[in-house]
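Have a look at the structure below before the remarks.
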Amino acid sequence: MEKSKVLVVGGTGFLGRRIVSASLSQGHPTYVLQRPEIGLDIDKVQMLLAFKKQGAHLVEGSFSDLESLVRAVKRVDVVICPMSGVHIRSHNILLQLQLVEAIKIAGNIKRFLPSEFGFDPPRMGHALEPGRVTFDDKMVVRKAIQDAKIPFTYVCGAGIAGYVAGNLSQLGTLVPPKEKVLIYGDGNAKVSVVDEDDIAAYTIKTIDDPRTLNKTLYLRPPENELSQKQLVEMWENLIGKKLEHISISEEDFLASMKGMDFAGQAGAGHFYHMFYEGALTNFEIGEEGEEASKLYPEVKYTRMDEYLKLYT
């Protein structure tokens, strides 16, 4: 079967660049949206040129020019939009409504994968302010997709390893602590922790797979459903040293959020749902979804003991 042509919107971002690489490595004709707003960001320009050298096609388009988006969309079969939805970087979820409109006008897209990848938004109606805006905005985009009858796949369920594993799930840092580690509650809530390159590989696997059409793909590889305590123990075994464990109660964690800025509160709220509620793993996958590692056992996903070795 001929492989689908893929347009990645947000292809220079943290997940986007990995999705571009996965698309190319899995043999898909790959297009990357080049937006004029990139301006003088030389790192992004050079990344786009590197993709071009690897065989990707650069296609111009802007969210402020609907016709340019329609032209870009008409060149491909599948659109993937891994735009940022975390406030510490940028929060652009609702920009995708322009893309939904372009897909609707173009009328040729057989699959759209919007920005998801983390918590499953329909399960987060109870989420804390201000971080809940991420889930509310994603639900607005989902409604637009489904109202327009655009075929979709939602890729959800990952605690992104770079944000929750390498730092042993500590807020405010991306590297492991040296002496003391904060443990959330009893540290036993399970989190699905997935390497960023594996997220990209699973995402690309879905696009020509009828089993994931109009469904949610949950990223819950069984060996990577880990508690914070298990992550910390893996790290301690790697470095041959015990850290001082300091438990923070649910009440103290919530109280600590009050002094944070907006982005800090949003991120901390997501950590609360992840590590106190176990919101990435505290449900069974029903008929609405599939689990990635079961569908695609050929993806040899990175185990977290291997991932953590990068930080030693």
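The values are calculated or read from the model by the stated rules, or taken from the named source; none is laboratory data. These numbers were taken from a predicted model, which means no experiment stands behind them. Here the Cβ positions follow ideal geometry from the backbone for every residue, glycine too, while neighbour counts run over all protein chains shown. What goes into the accessible areas is simple: the full protein's heavy atoms, side chains included, and nothing from ligands, DNA or RNA. Shrake-Rupley method; radii C 1.70, N 1.55, O 1.52, S 1.80 Å.
Placing one identical point scatterer on every Cα of the chain and ignoring solvent, what is log10 I(q)/I(0) from the Debye formula at q = 0.12 Å⁻¹?
-0.81
For region 180-292, build the convex hull from the C-alpha positions and give me its volume per residue in Å³.
Roughly 137 Å³ of hull volume per residue.
Counting heavy atoms of the protein chains only and a 1.4 Å probe, report the per residue accessible area for region 52-144 as a whole number of Å².
On the way: 4100 Å² over 93 residues.
Per-residue value: 44 Å².
Report the antiparallel proportion of the DSSP beta bridges in the chain as a percent, rounded to a multiple of 5.
Of those bridges, close to 20 percent are antiparallel.
Determine the gain in length on full extension of the stretch residue 5-residue 143; use 0.36 nm per residue of separation and subtract their C-alpha separation, reporting nm with one decimal.
On the way: separation 138, 0.36 × 138 = 49.68 nm, distance 2.50 nm.
Between residue 5 and residue 143, full extension yields an extra 47.2 nm.
Let me check the size of region 1-141 from its C-alpha atoms; what are the radius of gyration and Dmax in Å?
Spelled out, the Cα radius of gyration and Dmax of region 1-141 are 15.1, 46 Å.
What does the extension gain come out to for residue 97 and residue 128, with contour length at 0.36 nm per residue minus their alpha carbon separation?
Answer, rounded to one decimal: 8.7 nm.
Which whole-number percentage describes the relative contact order of the chain, with Cα contacts under 8 Å and a sequence gap of 6 or more?
Over the chain, the number comes to 18 percent.
Per residue of region 13-20, in order, report the coupling 6.51 cos²θ - 1.76 cosθ + 1.60 (Karplus, θ = phi - 60°) as ³J(HN,Hα) in whole Hz, putting x for Gly and Pro.
Taking θ as phi minus 60°, the curve returns x, 4, 8, x, 5, 6, 5, 4 Hz for region 13-20.
Could the peptides 63-70, 39-46, 212-219, 22-29 be put in order, highest first, of the mean number of other beta-carbon atoms found within 10 Å of their residues?
Result, highest mean Cβ count within 10 Å first: 212-219, 22-29, 63-70, 39-46.
Stretch residue 310-residue 285 to full length: gain in nm at 0.36 nm per residue minus the Cα-Cα span?
Fully extending the segment from residue 310 to residue 285 adds 5.8 nm.
Set the Förster distance to 30 Å, then compute FRET efficiency between residue 25 and residue 74 from the Cβ-Cβ distance, nearest 0.05.
With a Förster radius of 30 Å, E is 0.75.
Place a +1 charge on the Cβ of each Lys and Arg in the chain and a -1 charge on the Cβ of each Asp and Glu, then give the dipole magnitude about the Cα centre in debye, rounded to the nearest 20. All intermediate terms of the calculation are to be shown ahead of the outcome.
On the way: 36 positive and 41 negative charges, 199 e Å.
It works out to roughly 960 debye.
Collect residues whose amide H, placed 1.01 Å from N in the peptide plane, falls under 5 Å from the amide H of residue 191; neighbours closer than 5 in sequence don't count.
Close amide H contacts, sequence-distant or interchain: 226, 227.
What residues of region 269-312 lie in the reach of a label at residue 186, counting those whose backbone N is under 20 Å from a point 7 Å from the Cα along Cα→Cβ?
Answer for this model: 272-284.
If amide hydrogens are placed 1.01 Å from N in the peptide plane, which non-local residues have theirs closer than 5 Å to the one on residue 34?
59, 60, 61
Can you work out the Karplus-derived ³J(HN,Hα) for every residue in region 299-305? Use 6.51 cos²θ - 1.76 cosθ + 1.60 with θ = phi - 60°, whole Hz, and x for glycine or proline.
Using θ = phi - 60°, the values come out as 7, 7, 5, 6, 7, 6, 5 Hz.
Which loop GluC sites (Glu not before Pro) in region 266-295, with loop taken from DSSP, have no more than 12 other Cβ atoms within 10 angstrom of their Cβ?
Counting only loop positions with at most 12 other Cβ atoms within 10 Å, the GluC sites (Glu not before Pro) in region 266-295 are 284, 287, 288.
Looking at region 1-158, send over the antiparallel percent of its DSSP beta bridges, to the nearest 5.
20
Whole-Hz Karplus ³J(HN,Hα) for region 99-116, in order, using 6.51 cos²θ - 1.76 cosθ + 1.60 and θ = phi - 60°, x for Gly and Pro?
Per-residue couplings from phi come out as 5, 4, 5, 5, 5, 4, 5, 5, x, 10, 7, 9, 7, 10, 10, x, 5, 9 Hz.
Taking all protein chains as present, what is the carbon and sulfur share of the accessible area of the chain, in % to the nearest whole number, probe 1.4 Å?
52
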